[in-house]
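S.K.: Here it is: the structure, laid out below.
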């Protein structure tokens, strides 16, 4: 199928717009430039950096097969909806997809993604944990790009060293109380964030929500201990009530206002809180460490975005070349420097220059040795909804930990069966 | 007088002129509805094509595994509709009465009252979301520390506040239009007969403005039954604030269950239709009674 370019009518409109806007406004971005694009790259419009500029750079090096950046919504749900609509309609309008790690299984199971060569896109140098998020049923469907795991941010001006266990964290809450601040918060709003919080807590306690074989095992002593930690911390006031409405940004804002002693968040928060200005009162007074667990270091979940190829693409070879370019060490290094997103290459965690700029990379790397992916299942949306519902009900006290874990087990079993 | 053939020709022309509209309507309205209904009799597998399952999807929503979600959504939708439309109608009536008076600055009052209605619902939802944050302006003004999005009743009330704030002006506008059609001589006659202000309100204003109120309530009820933006943006359906529309969207586009989602949207359609039917039956007779009374 040929991708429809602007017809004579749209050209006429574009010309009219140019005439109205005057020559300066239009020079350099004539609509004709985009006509030549062979491959489209559908990706979020918000990621701290400028994906469009990366595409521009690729196009300069590869004038034979230019890529066009299609900016999608900044919200993950809407990005997914846009991609799903394109894939369901089989239009092939989007060639390369900037995929959230948790969508891989569903998209692959629905037959929307082209399998990728392991040697080419997940070879040595690519972080093994990140590669796992691109796999489904033993095959690689998405090339690892951005990655990351949960970190414990703490105030270095109030603490000498970060807590390594849950008990140490709760003990340290006395310091928060003395300083008239709240102790700990993560993302407990009813959305993907609370799924992450639950999976991290259960995995830290040594359990699992769904095994890699697809068996639901959250109804276990570990499942209860994990959720129990969060619920108890909430009931005891160590986690403020307000955290029930926190997403990533709101947690960060609370921490940088100086309202929190500890915060669970992703690496993106580090440079934002450290950047000079009135917005943050904690510059140079915080650091990040791996998450704590019941008896030692805890287990974070994996976040990240990978690059996948639509089966409906008409220009697969050209698209794969673009994915290869995005995965190159050089591009990943620049992207890390620009956006402070941890990238899926081992070498980038050890680079002294990068480490100086982004000291939290050490904590991320340490956390990456001990991560647990979110449930890998084609029914991820049902699964995360079931987790959110019960976990949130337990956090608000509407259900006991027991009830929540039993309900979650039951609903997850049903979601995985897909009936 | 127009001859028979001429009339027939005219009628044929009318049909011809209507055809393009009918085609467009059937493409954008009838086809999606029919395809959703057809799809609702199939299941939602991943990796194979859907198979016919009869009324299973309907049974699942009405009394099967998902009945709690469905009936909770029905309950919430009805609750939001009844409470917010009742408050809106009262406030709208008050606002209309104020705007109807001739006083200095009436234009400014009318414009400012209408402002909330002019804002897109999604924008006002985001705005209320900011104001209702734990450290937001609402808590600061009230001197409270309520986590509005954090438990059931605060979350429900915040949706109702936002809904009333936005749509009371719409009700006011419709009622104001009704008020302006009341001939002033009726009030003069009533005043001459010695009727008090309250009596004039209940015996002249209310009966005559009733048709406008009924239209406003009808519009608002049908609108409120489809409420989507406010709960979606303010709470995301947490704390038992899911409405039928958010449930349908979550199922059909979030979980990609077109079969089950189709069943839910068909049920929603039937539910809204039933409500509209009952309301018209109930209020419709009153309108006629009101008109007759006024004519007497």
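We did not get these values from a lab; they are worked out from the coordinates using the rules stated. A quick note: this is a predicted structure, and the numbers were derived from the prediction, not measured. Cβ sites come from the backbone with ideal geometry, for glycine too, and all protein chains shown count toward neighbours.
S.K.: Sorting check: for A:88-94, A:144-150, which peptide has the highest mean count of neighbouring beta carbons within 10 Å, and how do the rest follow?
M.R.: Going from most to least packed, we get A:144-150, A:88-94.
S.K.: Using all Cα-Cα distances in the range B:167-229, what percent lands in each 10 angstrom bin from 0 up to the longest?
M.R.: 21, 41, 24, 11, 3, 0
S.K.: I've got another one for you. Taking a cut-off of 27 Å, what percent of all Cα-Cα pairs in the range B:1-150 are separated by more than that?
M.R.: Roughly 64 percent, once rounded to a whole number.
S.K.: Please give the average number of partner chain Cβ atoms lying within 10 Å of the Cβ of each residue in B:97-104, rounded to a whole number.
M.R.: Counting other chains' Cβ atoms within 10 Å and averaging over B:97-104 gives 0.
S.K.: Moving on to the next point. For the range A:79-224, calculate the relative contact order in percent as a whole number, restricting contacts to Cα pairs under 8 Å that are 6 or more residues apart.
M.R.: 11 percent
S.K.: Next up: Kindly rank B:46-53, A:270-277, A:78-85 from highest to lowest mean number of other beta carbons found within 10 Å of each residue.
M.R.: Result, highest mean first: A:78-85, A:270-277, B:46-53.
S.K.: Something else about it: Just from its helices, what would the mean residue ellipticity at 222 nm be for chain A, if runs of 4 or more DSSP H residues each count -39500 (n - 2.57) and the sum is divided by every residue, rounded to the nearest 500 deg cm²/dmol?
M.R.: Taken over chain A, the calculation gives -13500 deg cm²/dmol.
S.K.: Given contacts defined as C-alpha pairs under 8 Å and at least six residues apart, what's the relative contact order of the range A:189-330, whole-number percent?
M.R.: RCO, the range A:189-330: 22 percent.
S.K.: Using the count of nearby Cβ atoms within 10 Å as a rough guide to exposure, how do B:173, B:282, B:94 rank from fewest to most?
M.R.: Ranked by crowding around the Cβ, least crowded first: B:282, B:94, B:173.
S.K.: Also, quick follow-up: For the residue pair residue A:355 and residue B:108, what label-to-label distance in nm results when each label sits 7 Å from Cα along the Cα-to-beta-carbon direction?
M.R.: Output for this residue pair reads 6.6 nm.
S.K.: Using the Cα gyration tensor of the range A:260-419, with a ≥ b ≥ c the square roots of its eigenvalues, what is the shape: rounded (a/c below 1.5), prolate (a/b larger than b/c) or oblate (neither)?
M.R.: Oblate is the answer for the range A:260-419, as a/c is 1.5 or above yet b/c matches or exceeds a/b.
S.K.: Moving on. Provide the packing ranking of A:247-254, B:160-167, A:156-163, A:187-194, i.e. peptides ordered by the mean count of other C-beta atoms within 10 Å per residue, highest first.
M.R.: Output ranking for A:247-254, B:160-167, A:156-163, A:187-194: A:187-194, B:160-167, A:247-254, A:156-163.
S.K.: Roughly how many Å is it from the Cα centre of the range B:1-72 to that of the range A:135-196, as a whole number?
M.R.: About 49 Å separates the Cα centre of the range B:1-72 from the one of the range A:135-196.
S.K.: Taking a ≥ b ≥ c as the square roots of the eigenvalues of the Cα gyration tensor of chain B, is the shape rounded (a/c under 1.5), prolate (a/b larger than b/c) or oblate?
M.R.: Cα axes put chain B in the oblate bin.
S.K.: Counting only other chains, and only Cβ atoms inside 10 Å, what mean value do you get across the residues of A:264-276?
M.R.: 0
S.K.: Run the simple label-point estimate for residue B:222 and residue A:316 please: 7 Å along Cα→C-beta, distance reported in nm.
M.R.: Label-label distance for residue B:222 and residue A:316, simple model: 5.1 nm.
S.K.: I would also like to ask the following. Could you compute the FRET efficiency for residue A:77 and residue A:272, with r as their C-beta to C-beta distance and R0 at 30 Å, rounded to 0.05?
M.R.: Approximately 0.85, to the nearest 0.05.
S.K.: Hey, with R₀ at 30 Å, roughly what FRET efficiency would residue A:215 and residue B:49 work out to, going by the Cβ-Cβ distance, to 0.05?
M.R.: Using R0 = 30 Å, I get an efficiency of 0.65.
S.K.: With no solvent and one point on each alpha carbon, what is the Debye value of log10 I(q)/I(0) for chain A at q = 0.08, 0.12 Å⁻¹?
M.R.: Each listed q maps to, in turn, -0.47, -0.99.
S.K.: If you build the convex hull over the alpha carbons only and average its shadow over all orientations, what do you get for the protein assembly as shown? Give it in nm² to one decimal.
M.R.: Dividing the Cα hull surface by four gives the mean projection, 42.0 nm².
S.K.: Right, something else. To the nearest whole number, what is the average tally of beta carbon atoms from other chains within 10 Å of the beta carbons of peptide B:145-152?
M.R.: For this peptide, the per-residue mean of nearby foreign Cβ atoms is 5.
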